[in-house]
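The block underneath contains the structure these notes are about, expressed in structure tokens.
Rule-based calculations on the coordinates, nothing more; no lab input. Just so you know, these numbers come straight off a predicted model, no measurement behind them. Cβ sites come from the backbone with ideal geometry, for glycine too, and all protein chains shown count toward neighbours.
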2 protein chains.
Amino acid sequence: MNTIVMKFGGTSVANNEKLRNIAEIVTREVKNHKIVVVLSAMAGETNKLQSYLDEFGSKNSIESDLVLTSGEQVTIGLLSAALKNKGIKSIPLLGWQVPIITDESYEKAKILKVDNNRIEKYFKENDVIVLAGFQGININGKITSLGRGGSDTTAVAIASAIDAQRCDIYTDVEGVFTTDPNIEKNAKKISKLSFEEMLEMSSTGAKVLHTRSVELAMKNNLTLQVLSSLTQNTGTLIIDEEDLIEKEIVSGVSYSKNEAKVTISGILDKPGISAKIFGLMAENNINVDMIVQNISQDGIFANITFTINQKDHDLTKTVIENSEKILEYKSLSLDKNVAKISVIGMGMMSQSGVAEKMFKTLAKNAINILAISTSEIKISVLIDEKHTNIAVKSLHEVYNL
Amino acid sequence: MNTIVMKFGGTSVANNEKLRNIAEIVTREVKNHKIVVVLSAMAGETNKLQSYLDEFGSKNSIESDLVLTSGEQVTIGLLSAALKNKGIKSIPLLGWQVPIITDESYEKAKILKVDNNRIEKYFKENDVIVLAGFQGININGKITSLGRGGSDTTAVAIASAIDAQRCDIYTDVEGVFTTDPNIEKNAKKISKLSFEEMLEMSSTGAKVLHTRSVELAMKNNLTLQVLSSLTQNTGTLIIDEEDLIEKEIVSGVSYSKNEAKVTISGILDKPGISAKIFGLMAENNINVDMIVQNISQDGIFANITFTINQKDHDLTKTVIENSEKILEYKSLSLDKNVAKISVIGMGMMSQSGVAEKMFKTLAKNAINILAISTSEIKISVLIDEKHTNIAVKSLHEVYNL
């Protein structure tokens with residue numbers, strides 16, 4: 001069966017007019033394919049429901065996921081109605097009707113299994129299945145949600161389960177860009193990108209795809225395409241590294257302002273102290289990203305700096321302050337006014353001098369580097385948030401993007 | 001198990017403040033009972049969703065019921081969260097999770113079976129089950145809805161299935177009144193009413209309870225109570241006729257402005273002509289209520305007048321006009337400016353003169369009767385709509401209500 005999966009996010013389904021536009025796009029594709037369309041809730045809907053829940057302090061519960069997953073029920077019903085109105089054989093399906101089986105956590109459930117039997121049964125009588133993104137069902141028969149951006153993961157999971165030819169992720173931009181076009185007007189659309197590069201981009205701030213969806217596509221070697229629901233241009237293909245003929249040294253520059261910097265000063269420089277600190281962070285589910293440890297000059301006291309997600313700012317402060325007696329530090333400071341700038345490219349693996357060029361460019365612009373982290377295909381630096389734009393623009397230029 | 005069912009409609013769940021009020025009421029009752037709370041969607045929500053569907057012309061379909069049943073998912077999640085917040089052991093359940101099995105029609109599905117096993121299982125670990133009203137699931141695994149007001153029916157069906165002690169229907173009025181307090185300020189709350197009287201009141205315009213829910217309660221001899229979510233006063237008990245000690249001759253006066261009058265004039269007065277007309281109506285699912293046939297003076301031509309629901313006005317006009325050649329009538333007129341006024345009471349069965357008093361009262365007020373229909377416990381008359389208030393007020397007075 002020649003099948004594709006098409007996913008549309010919240011802004012693409014925000015009202016009936018936009019749903020009609022999706023119906024047009026589906027009508028074009030349905031001539032050559034059977035299609036699973038995966039939809040999010042209308043933009044703003046999930047935030048509204050979240051605010052209701054907040055009033056009752058309901059979080060990560062049967063209740064919160066029940067409420068949060070109601071929005072897709074509306075969009076899939078409406079799109080299927082719009083498609084039928086155009087004479088297309090269509091059927092809407094909720095997560096539990098597939099079923100998409102998840103684990104038992106709420107608001108961040110992981111997909112364990114997608115049953116493709118019913119999908120294939122419905123395709124015998126229909127050309128389009130309109131599937132609710134973001135949701136699944138656990139073994140207790142309770143509705144779960146996959147977390148914000150989870151509809152991308154639904155799309156990739158269903159595409160893998162039915163062995164789809166391609167999974168198209170429609171957004172309001174034309175694809176993945178060399179950097180944020182809002183900052184650098186010369187940013188260009190990337191035509192092909194490896195899974196690894198896309199993963200680094202997603203995790204360093206490019207908000208195009210849910211990180212887990214890219215991981216899942218990579219694992220299943222499923223071709224992803226990011227494209228716009230507003231134009232008919234080709235988007236960005238995300239494919240296996242092996243299939244990339246020309247590997248760019250630097251494919252893109254991304255940034256994230258969601259970081260916070262934590263500095264613990266005057267800590268006793270003895271073995272096991274780092275393990276204690278990062279053990280505390282792990283116990284409290286706080287992800288630590290970059291770490292800089294200053295070796296003490298006197299051999300007694302040291303400073304440790306690391307970065308966390310801004311959402312964990314208050315929790316981190318409380319956790320460390322409550323452990324003051326164990327850690328025996330002199331002072332603690334937290335700073336939200338930082339940004340992480342990353343350059344990403346498969347070609348880095350075989351090319352030297354990429355990091356040097358990055359550091360020189362930042363130095364030339366008088367931007368101080370507060371911390372560094374690297375992977376095989378990525379270099380990230382932490383800088384003062386106010387330098388974000390100039391850093392992005394100068395790096396975009398120096399790597400000829 | 002000492003169990004009660006409590007049902008709250010759309011205006012009672014319209015926002016978080018109102019949901020908190022329900023949580024208070026449930027907290028009072030949970031000391032002595034296990035409780036199933038049945039909720040509607042937030043007031044206005046179903047109308048909003050209906051307007052989206054109308055744009056795509058989706059009606060009585062998998063899609064329309066999927067969209068229309070999304071609202072209760074929000075309210076049950078929020079109320080269960082509010083109850084947990086107060087330390088009450090609560091769990092939310094959707095129709096398909098019970099399951100409430102319905103037939104295969106959409107937007108007017110009938111409940112075939114309510115499985116009480118899961119309810120009883122959940123009561124082992126919870127004191128409150130918050131159940132979505134209005135919805136069920138058919139044998140194809142598709143979500144169905146029971147039609148407007150269907151949450152009353154859900155409440156009665158679940159109460160019957162678990163053999164509840166009582167089913168309390170909370171509304172924004174204090175119970176069933178002798179007539180509409182908006183018209184007659186002396187209208188009084190009725191403390192006890194038979195199922196039969198309540199059925200006649202529901203079907204003649206008192207909008208307190210969904211007719212089907214009363215039928216179902218009567219069939220299962222389940223005590224219903226209509227009461228206010230805004231006060232702590234006792235409401236109206238709706239019970240078996242046998243349990244009514246004092247049977248009022250007239251319990252209440254109701255009215256409906258949803259009627260339309262159809263008059264077919266100059267029709268050949270020959271056998272079978274009525275059967276033809278009302279056969280046509282039945283074929284097109286148009287309910288006919290009152291019928292008046294004038295016997296022709298010349299023995300050749302007759303007039304037939306009958307009433308229908310206003311929503312069927314246009315359809316009726318088309319159907320009759322399209323059958324002009326078969327029916328051979330001279331003229332057709334339809335009139336929406338009519339109202340049906342009914343007096344209802346169990347005591348009528350054993351008391352004469354009730355109708356006479358009604359006709360005299362209307363005559364004294366110069367109100368012309370356009371049609372009459374009666375049952376054992378009800379007399380209805382059709383009048384010009386502009387006389388509604390004076391008819392209701394004068395009848396309410398003459399029967400000492």
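Remarks
- The HN-Hα couplings worked out from phi for region A:362-368 by the Karplus form 6.51 cos²θ - 1.76 cosθ + 1.60 (θ = phi - 60°) are 5, 4, 4, 9, 6, 9, 7 Hz, whole numbers, x standing for Gly and Pro.
- Cα gyration tensor shape of region A:264-340, rounded if a/c is under 1.5, else prolate or oblate by comparing a/b with b/c: prolate
- Overall form of region A:88-152 per C-alpha gyration tensor (a/c, 1.5; a/b vs b/c): prolate
- Extent along the principal axes, Cα only, for chain B: 78, 50, 33 Å, with the longest axis given first.
- Each of A:Lys142, A:Lys18, B:Lys386 was scored by other Cβ atoms within 10 Å of its Cβ. Listed from fewest to most, they are B:Lys386, A:Lys18, A:Lys142.
- Residues listed by number, region A:385-401, amide nitrogen under 11 Å from A:Gln351 label point at 7 Å toward C-beta: A:399-401
- Couplings for region B:142-154, taken from phi via the Karplus curve 6.51 cos²θ - 1.76 cosθ + 1.60 with θ = phi - 60°, read 9, 6, 10, 10, 8, x, 3, x, x, 5, 4, 5, 4 Hz in order; Gly and Pro are left as x.
- Each copy carries a label point for A:Ser274 at 7 Å from Cα along the beta-carbon vector; from one copy to the others these points are 9.8 nm apart, nearest first.
- Straight-distance crosslink candidates among lysines, where the alpha carbon sits under 16 Å from B:Lys121 and sequence neighbours closer than 8 are dropped: A:Lys142, B:Lys34, B:Lys89
- Label points for B:Glu120 are taken 7 Å from Cα along Cα→Cβ. From this copy to the others they lie 4.0 nm apart, shortest first.
- B:Leu93 long-range amide H proximity, modeled H, under 5 Å: B:Val130, B:Leu131, B:Ala132
- Prolate/oblate/rounded call for region B:3-172, Cα gyration tensor, a/c under 1.5 rounded: oblate
- Counting only Cα atoms, the size of the protein assembly as shown along its three principal axes is 116, 64, 43 Å, in decreasing order.
- Bridge type composition, region B:3-172 - antiparallel percent by DSSP, nearest 5: 20 percent
- Its Cα centre serving as origin, chain A has a Cβ charge dipole (Lys and Arg +1, Asp and Glu -1) of approximately 720 debye.
- Packing-based ranking of A:128-135, B:388-395, A:321-328, B:313-320 yields A:128-135, B:388-395, B:313-320, A:321-328, ordered from highest to lowest mean Cβ neighbour count within 10 Å.
- Principal semi-axes in Å for region A:213-274 [√(5λ), Cα gyration tensor, largest first]: 40, 18, 13
- Listed residues B:Met290, B:Met349, B:Met201, most fluctuating in chain B (Gaussian network, C-alpha, under 10 Å): B:Met349
- Projecting 7 Å from Cα along the Cα-to-Cβ direction, the label point of B:Asn182 sits 4.8 nm from its equivalents in the other copies, listed shortest first.
- Among beta bridges from DSSP that stay inside the protein assembly as shown, the antiparallel ones total about 60%.
- Restraint check, A:Lys110/A:Lys378; A:Lys31/A:Lys124; A:Lys113/A:Lys192; B:Lys276/B:Lys340; A:Lys311/A:Lys340; A:Lys257/A:Lys393, Cα-Cα greater than 18 Å: A:Lys110/A:Lys378; A:Lys113/A:Lys192; B:Lys276/B:Lys340
- Between the alpha-carbon centres of region B:1-80 and region A:81-153 there is a gap of 24 Å.
- Of the residues A:Lys31, B:Lys121, the one with the fewest other Cβ atoms within 10 Å heads the list, and the complete ranking is A:Lys31, B:Lys121.
- For the peptide B:57-65, the mean number of other protein chain Cβ atoms found within 10 angstrom of a residue's Cβ is 5.
- Between the alpha-carbon centres of region A:240-256 and region B:322-401 there is a gap of 81 Å.
- Scanning chain A for the beta carbon that comes closest to the axis linking it by rotation to B yields A:Ser70, 2, distance in whole angstrom.
- Here the Gaussian network model covers chain A, with springs between Cα atoms less than 10 Å apart; of A:Ser151, A:Ser375, A:Ser64, A:Ser375 fluctuates the most.
- Fluctuation leader among B:Ser58, B:Ser90, B:Ser12 - chain B, Gaussian network, Cα springs under 10 angstrom: B:Ser58
- When B:Met218, A:Met348 are sorted by how many other C-beta atoms sit within 10 angstrom of their C-beta, beginning with the fewest, the order is B:Met218, A:Met348.
- DSSP finds beta bridges in chain B, and of those with both partners inside it, around 60 percent are antiparallel.
- Contact order, relative form, for chain A: 14 percent (alpha carbon pairs under 8 Å, 6 or more residues apart, mean separation divided by residue count).
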